[in-house]
Amino acid sequence: MDSDQEDEVPNVNFVPSLLFIKRGVAKANPDKVTLTPAELARIINETRDDLEEDGANGIDSSDDEENEDSAARLASRAQDQAGTSGNRSAGDEFGFENYEQESGEPVVRLASVAVVDPAENIQDEDDSEAEDEIIKPTDNLILVGHVQNDSASMEVYVFNDDEGSLYVHHDFLLPSPPLCIEWLSFDPGSDKPGNICAIGCMDPVITLWDLDIQDSLEPVCKLGSKGSTKKNKPKIGHSDAVLDLSWNKHLDHILASGSVDQSVILWDMEDGTPHTIIKEFGEKVQTLAFHPTRAEGLLVGSCDGMVKVFDCRTTTNDSASFLSWAVGGEVERVCWNHHSEFHFVASTNEGRIHYCDVRRPGETLWSKEVHEKEITGLVLSSKVRGMLATASADGTLKLWDIDEEDAKLVYKKNPKMGVIQCLDECPENPFMLAMGGDLKTKNFSVVNVLDNDARFDPSYVPVASGERMNIEPPTEAMEDASISDDDVSDEDEN
């Protein structure tokens, strides 16, 4: 199942990050934002201040003209929404005083366009659109970070496995490409569980968005600050791009972030400040994950070839308590084994996966080359024991049956999406996978591997039984499957 593409292919069009959200957490009818003219003016002015401050700090002043154009378009959009008038007071920059007044006559009247038979039953398109607006308890949300030309956004897809439906419900604009996404139920502004996503971008500030609100122009909360000499505000948090995020489900006010600035920050979202800053890394931190059952365990991979497991109970700004493994190459992704609290998997830019036991620091149980290029997607199923999904810049998706001794290939597919940038599984159906790529004509896809000649027994046993999945070896065609220029050119033609 693929997302719809526009007729005109953009020059830049890729999906750098995505995330499956479990069913039943979203509002059936998300709230819609209606901004007052004063609120629109505030957002515009704050955006201008940020752009001016970024230029003053030398962050990136090469795109000043584009930034000015963006601000002008935003101002124009505000005027369109609030109404325009030829007579404005000196302090009414956007003509908000007369925003409710309408002037002029319509160019075309309804009577001159069509004559409708009163007896004819015409279905109101608004009814079907309203039905699409409703999020059902059986719907999953899929958060898709999308970069198209010079714009970045987060698209909130609605996916229904039973109905086979997939469509964009709403989206919101982002200041820079979204590199990582994390879902959390902790709502900083409420004492009730929420439906929140945290986004890490090229910008060092982490933004939190309420997924139950449509048409948002700004996040509900920000973690960190680039600082402002003009406003005398200090820098807080990261100083460079945020590459990965992980929410602590057991201490739900804690969010971990890893950055290009070679640090990990444990954020206290109750007050929006860094609780602990960990700097035990020799290169940028690309991936991290809290332990699924132990609140204190944090698994971190960095580009210096090291994987570390931190004990957050005894880790402070000045000293850290951790175990470490040298795996070689840059660590791309890490994940815990939900069926064994002591084991984890790490992947590298050399196309290798490493299986480790926290009780044996410095040793790997096994290591195997499974892709030709860096492994950008790594999902160890929480539903099916031993089922590992990997995706790579070599353009292939593979499924493995792993244990403490080895990994056996059970499925291989070339989805023809170019470089696969990200991968995630459906929380309710581990055989349903979502992928993001960089092929301009096809950069997002949701596939059920059971519909693609995978050798799985559909009646897989759930986690409680502790049994392994029933699989057969890959067919010869699967072994020979590969990505080629011909495949990509064929996709471009379709």
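Key figures
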item	result
Accessible area in the full protein assembly, largest first, 1.4 Å probe, for 261, 252	252, 261
Rounded accessible area of residue 425 (nearest 10 Å², 1.4 Å probe)	20 Å²
Where 264, 419 fall by accessible area, highest first, once all protein chains stay in place (1.4 Å)	419, 264
For the stretch 157-164, 3J(HN,Hα) per residue [Karplus equation, 6.51 cos²θ - 1.76 cosθ + 1.60, θ = phi - 60°, Hz, x = Gly/Pro]	8, 9, 10, 10, 5, 5, 8, x
In order through the stretch 293-310: 3J(HN,Hα) via Karplus (6.51 cos²θ - 1.76 cosθ + 1.60), integer Hz, x for Gly, Pro	10, 10, 5, 7, x, 10, 9, 9, x, 10, 7, 8, x, 10, 10, 10, 10, 9
Radius 10 Å from Cβ of residue 322, net charge of other residues (Lys, Arg +1; Asp, Glu -1)	-1
Area of residue 338 that stays accessible when all protein chains are in place (1.4 Å probe, Å², to 10)	100 Å²
Cα-projected label distance for residue 324 with residue 404, points at 7 Å along beta-carbon direction, nm	2.7 nm
Centre separation in Å (Cα based) which lies between the stretch 147-208 and the stretch 409-432	20 Å
Share of carbon and sulfur in the accessible heavy-atom surface of the stretch 273-387 [1.4 Å probe, %]	41 percent
Inter-site label distance for residue 279 and residue 366 at 7 Å from Cα along Cβ, in nm	4.1 nm
Under-5 Å amide H pairs with residue 194, H placed in peptide plane, nonlocal only	186, 187
Heavy-atom accessible area per residue - the stretch 261-369, 1.4 Å, Å²	40 Å²
Two-site label geometry, residue 448 and residue 22: point separation in nm, points 7 Å out along Cα→Cβ	2.2 nm
By accessible area with a 1.4 Å probe, ligands and nucleic acids excluded, highest first: order of 313, 360	313, 360
Residues whose placed amide H lies under 5 Å from that of residue 228, excluding near-sequence neighbours	233
For residue 134, solvent-accessible area (1.4 Å; no DNA, RNA or ligand), Å²	70 Å²
Vicinal HN-Hα couplings computed from phi for the stretch 418-429 (Karplus, 6.51 cos²θ - 1.76 cosθ + 1.60; Hz; Gly/Pro x)	x, 6, 7, 8, 7, 8, 7, 10, 5, x, 8, 9
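The values are calculated or read from the model by the stated rules, or taken from the named source; none is laboratory data. All figures in this text were calculated on a predicted structure; none of them were measured in a lab. Using ideal geometry, Cβ is built from the backbone for each residue, glycine included, and neighbour counts are taken over all protein chains shown. Surface areas here come from the heavy atoms of the whole protein model, side chains and all, with no ligands, DNA or RNA. Shrake-Rupley method; radii C 1.70, N 1.55, O 1.52, S 1.80 Å.
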